[in-house]
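J.: Pasting a structure below so you can have a look.
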Amino acid sequence: MVILDRLLNDLKDACSVFPDKRKGEGEYTMADIGLSAFSLFFMQSESFLSHQRSLEEGRKTSNCQTLFGMTKIPTDNHIRSMLDPVHPSHLQSVFDSAVAALCDNGGLEAFQRLDGRTLIALDGTEYFCSQKLGCPNCQTRKRANGKIESYHSMLAATLVAPGHDKVLPLMPEFIAKPDGAEKQDCERNATKRWLAAHGERVTP
């Protein structure tokens, strides 16, 4: 639990300095907004936040407060509105903290193979696709029926090892059409960017 508390505190610190588009002080802190989004993945429950708000109203406390140190729980729409403009790079320190915790506690050795080398699995994946919705950052493709799809994709990076049943997600690289470019981005280019930006971060 000591390591988990350390990682959650690092996440809270990172969220607390997210760019805030509000001009004045809002009802919710950026730390609470960021941690609320994370809690959905941590608890793997779509109804987690609404349930926690009910607990907060009835019992004056909730798991969000005891587990994540949150002060107030925002609504889902408010979370999306506030986090959409935040660039993923603001979470780089959190991924670095996870790797550092692994190294500090001897966990990285279990992943090392072939004279201390670490294996990074890189795989492209889509996390949004629509024929009705899109944004300036979307890539596009034309289907056989003539309809245009807008989609978002990324290169997922994971620390893995043969025979080891645990993995460690690393900072992803997003695949997006660069400003002013005619050609769309691809996994190969994303892989080159990832290796240049993050390869040394997992070097013992």
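J.: Suppose we filter the stretch 124-157 for residues that are out of contact with any Asp or Glu (no Cβ under 8 Å at 6 or more places or on another chain), under 18 Å from P88 (Cα atoms), part of a strand (DSSP E or B) and of a type outside the set (A, V, I, L, M, F, W, C); how many remain?
T.: The number of residues fulfilling the criteria is 3.
J.: So which residues in the stretch 45-83 are at positive phi and at pLDDT below 70? Before the answer, list the steps.
T.: Applying the first criterion (at positive phi) to the stretch 45-83 yields 60, 69.
Once the filter is applied, which keeps residues that are at positive phi and at pLDDT below 70, the stretch 45-83 yields only K60.
J.: Further, regarding this structure: Looking only at the stretch 10-26, count how many residues are under 19 Å from Q92 (Cβ atoms) and loosely packed, with under 13 Cβ neighbours inside 10 Å.
T.: 2
J.: Now for a separate question. Looking only at residues that are open to solvent by less than 50 Å² (accessible area, probe 1.4 Å) and within 13 Å of K166 (Cα to Cα) in the stretch 100-109, which one is nearest to the chain's Cα centre (by Cα)? Break it down into steps so the answer makes sense when it comes.
T.: So the first thing to find is which residues in the stretch 100-109 are open to solvent by less than 50 Å² (accessible area, probe 1.4 Å), and the list is 100-102, 106-108.
Pick out the ones that are also within 13 Å of K166 (Cα to Cα) and you get 102, 107-108.
Values: L102: 18, G107: 22, L108: 21 Å.
Only one residue fits best here, namely L102.
J.: So how many residues does the stretch 138-163 have that are touching a residue at least 40 places away in the same chain (Cβ under 8 Å) and under 26 Å from R201 (Cα atoms)? Can you show your working first?
T.: Going residue by residue through the stretch 138-163, those that are touching a residue at least 40 places away in the same chain (Cβ under 8 Å) are 139-140, 157, 159-162.
Add one more test, that the residue is under 26 Å from R201 (Cα atoms), and what stays is 157, 159-162.
Going through the stretch 138-163 one residue at a time, the tally reaches 5.
J.: Would the stretch 172-183 turn up any residue that is open to solvent by 40 Å² or more (accessible area, probe 1.4 Å), under 17 Å from the mean Cα position of the chain (by Cα) and at pLDDT 90 or above?
T.: As a first pass, look at the stretch 172-183 and keep what is open to solvent by 40 Å² or more (accessible area, probe 1.4 Å): 174, 177-180, 182-183.
In the following step, the residues that additionally are under 17 Å from the mean Cα position of the chain (by Cα) were identified as 174.
This time we only want the ones that are at pLDDT 90 or above, so: 174.
The answer is yes, given that some residue of the stretch 172-183 is open to solvent by 40 Å² or more (accessible area, probe 1.4 Å), under 17 Å from the mean Cα position of the chain (by Cα) and at pLDDT 90 or above.
J.: Is the stretch 103-120 home to any residue that is in contact with a His (Cβ under 7 Å, 6 or more places away or on another chain), at pLDDT 85 or above and in a strand (DSSP E or B)? If you could, list the steps in order and put the result at the bottom.
T.: At the first step, the residues of the stretch 103-120 found to be in contact with a His (Cβ under 7 Å, 6 or more places away or on another chain) are 110-111.
The next check asks that each one be at pLDDT 85 or above; those that pass are 110-111.
Keeping just the survivors that are in a strand (DSSP E or B) gives none.
Scanning the stretch 103-120, I find no residue that is in contact with a His (Cβ under 7 Å, 6 or more places away or on another chain), at pLDDT 85 or above and in a strand (DSSP E or B), so the answer is no.
J.: Sticking with this one: Do we have any residue at all in the stretch 118-140 that's under 21 Å from the mean Cα position of the chain (by Cα), aliphatic (A, V, I, L, M) and exposed (fewer than 14 other Cβ atoms within 10 Å of the Cβ)?
T.: Yes - at least one qualifying residue is present in the stretch 118-140.
J.: Which condition number does S93 fail, the rest of (1) farther than 27 Å from H152 by Cβ; (2) among the polar types (S, T, N, Q); (3) at pLDDT 85 or above being met?
T.: (1)
The values are calculated or read from the model by the stated rules, or taken from the named source; none is laboratory data. All values derive from a computational prediction rather than experimental measurement. Because the Cβ atoms are built from the backbone with ideal geometry, glycine has one as well, and the counts that use them run over all protein chains shown. Just so you know, the surface numbers come from the protein's heavy atoms only, side chains and all, with ligands and any DNA or RNA stripped out. Shrake-Rupley method; radii C 1.70, N 1.55, O 1.52, S 1.80 Å.
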